[in-house]
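The values are calculated or read from the model by the stated rules, or taken from the named source; none is laboratory data. Since the structure is predicted, the reported quantities are computational estimates derived from the model, not experimental observations. All Cβ positions, glycine included, derive from the backbone under ideal geometry; neighbour counts span all protein chains shown.
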Amino acid sequence: MLHRECGVFKTSYAADMAIYPLPLARWTVVGLVALFLALPLSLSEYYLSILNLILIAVVGALGLNLLVGYTGQISVGHGALMSVGAYTAANLITRLHAPFWLAVPAGGVMAAAIGALIGVPSLRIKGLYLAIATLAGQLIIEWTINHVPWISGGVQASIDVPRPSVLGMQLKTQTQLYFFLLFFAALATVGIMNLARSRIGRAFIAIRDQDVAAEIIGINIFRYKLLSFAVASFYAGVTGVLYTYYLGVANYEQFQINVSIDYLAMIIIGGLGSVLGSIFGAIFVTMLPIATRWTLESLGGLIFAPSELANIIPNLRLVIFGALIIIFLALEPEGLYRLWRNVLGYFRVWPFSY
Amino acid sequence: MPEFDWAFTLALITNGVMIGLMYTLIALGFVLVYKATDAINFAQGEFVMFAGFIAAAGAYFGGLPFWSCALLAVGGMIAFGFGLERVVLRPLIGRPVVAVIMATIGVAALLRGFATLAFGAGTRAIVLPVGDEPLFLGPVMLPPVELVGAGVSLLFLAAFGWFFLRTRMGIAMRAVADSQQVAMAMGINVQRYFALAWAMAGIVSALGGVVWGAMLGVDNQLALVGFKVFPVVILGGLDSVIGTVVGGLIVGVVENLAAGYLDPYVGGGTKDFAPYVLMIVALMIRPYGIFGSRRIERI
């Protein structure tokens, strides 16, 4: 965060591990909370809907970063787990009229159960094999949802879901939805921050850095790998439910393999193994197609015909997306988080830097 | 259950073998790269699609005859393979597996977007100079496209066998695959063979692109063939050329049998589904494949 640690001396481990490293950090948090609460007052519905998409993506990116960034287990099945959450919630809501405080965790728990199942092969395999096993998980879940009408609710494989009701009031506007989503995004962020600095989080990092060594110092690798898969999948499931609420419909086409890749891109671009990085990545990747469209719609009309633009925009987005992944991997493997740290590091001793 | 129909089953199996050989051709590109450079290519399907686009564009824009188009695709993909290795993969040497996987996923997105931008969104045809009169072998009907595909695949496997066993370059490549350090100590330019492996993956993809493009038509969807590569290589074993053939045959036959017998009951789509179920089972029982070498890990 933005603060300077001049004149602060820590004298105990408790102080070093504190969630607010400096007295000033408390005020930074207060400032951030105020900013997020005041934001909807100054934005139109359209910009708020984009902000809402970002909040949803933050939850999913945090979960995937826990798995890939902290535990070092790659997963290409994040999108499918979101669909598990989405359809679990959609069925609960339409059949049993479940309220949101039941539907959201239920979607998460269901996704966590399925995700842990996908994670079982991680005991014996890693790296590429795990990537392919999770890819298989993605395709099999997609196929199952698409072919079992009991889950997917009919031909279109989509279920209409009403907006959630909070305290008897149904959320209608994007502003109301914003506060609803902000609550979950904040909860997810604090949850991962605390998990990462606990015994469990350190076990995850030990497994990532050297799994055999981690086992030798007494970490039950299988249990922690499964736990990591389960927590990441729980986050994915919640993301799916939130996205379903946002769209008003659960549809498996919103959770296909390209979504898994989008989320992987978020954490690569944002920064592996970093909470702030996940948030940066979520913002960046969510904004990318929107920014591409804005730019091309305002400037592209000078060169191309409108009919051509409809074809150019999604493909140009793919090109930029692919190029960015490669550029970040090659030039800044620690992502936007590292760039942010570099900027902060520069200002830390500014203006007396040598 | 109707009475067991031998002719139907035989037809399914024969077609499966042909398709399986065509899968082998594509999977070979993946295995070559993995064997020599330890890099994992998630963009193999996009390679095939891109090669198909080059060949189709040669015929469409240049009006070139088939053989020139195929040569154009091979040449283009060799250049592409060399370039990709130099620009994208070389900076990633020594980095975690996740990084290389993500980089190739990035390449896949890039290729998919670029191919459509450059060549248009419509489906283009590649016309093989063999006609489309199917060949009848008893009850079995074989489309000429599949025959050509399987033939090219077999021819290429033989050529690869010869290359790896007999030529100086092939032996050097096997040395690099076996141990990069020892290969370096023996005076082999390892980087050059990394580039060569990617170029060879390019050749294989070019042939795959022409053959698959002729069968399915060339558009964005052609890249989906790449999804079949993973069951093939996992079943056969990642670092084995023979394993790729066996894996390809298994996947081809299984998906055809599943499509023939299960599709009527579950409403389609088992073709893309069955190989992955088989693969999961294989991963649980024998994670390193039928012919793959077991890895021993040291700290």
Notebook entry, point to check: What residue, of A:I303, A:I313, is surrounded by 17 or more Cβ atoms within 10 Å (Cβ to Cβ), aliphatic (A, V, I, L, M), at pLDDT below 85 and over 20 Å from the mean Cα position of the chain (by Cα)?
Noted result: A:I313
Checklist line | Residue identified as assigned to a strand (DSSP E or B) and not small (G, A, S) among B:M77, B:M49, B:M141 | finding: B:M141
Check: From the list A:V238, A:V249, which one is at pLDDT 90 or above and more than 27 Å from A:R341 (Cβ to Cβ)?
Finding: A:V238
Check: Filtering segment A:148-159 down to residues that are more than 24 Å from the chain's Cα centre (by Cα) and not in a helix (DSSP H, G or I), which residue is modelled with the lowest pLDDT?
Finding: A:V155
Note to self: Just to be sure I understand the filter: pairs with C-beta atoms under 7 Å, separated by 6 or more residues or on different chains, first member in segment A:124-137 and within 7 Å of chain B (Cβ to nearest Cβ), second member among the small types (G, A, S). Which pairs pass?
What the structure shows: A:I125/A:A133; A:L135/A:G77
Check: Is there a residue being exposed (fewer than 13 other Cβ atoms within 10 Å of the Cβ) and either within 12 Å of chain B (Cβ to nearest Cβ) or touching an Asp or Glu at 6+ places or on another chain (Cβ under 6 Å) (or both) anywhere in segment A:335-353?
Finding: no
Next item on the list: Report yes if some residue within segment B:63-86 is under 15 Å from B:A206 (Cβ atoms), without any contact (Cβ under 8 Å) to a residue 40 or more places away in the chain, under 22 Å from the mean Cα position of the chain (by Cα) and buried (at least 17 other Cβ atoms within 10 Å of the Cβ); otherwise report no.
Entry: yes
Check: Does segment A:163-186 include one or more residues that are within 24 Å of the chain's Cα centre (by Cα), within 14 Å of chain B (Cβ to nearest Cβ) and among the polar types (S, T, N, Q)?
Finding: no
Check: When segment A:165-184 is examined, which residues are found to be within 12 Å of A:W101 (Cα to Cα), touching a Pro at 6+ places or on another chain (Cβ under 8 Å) and not in a helix (DSSP H, G or I)?
Finding: A:S165
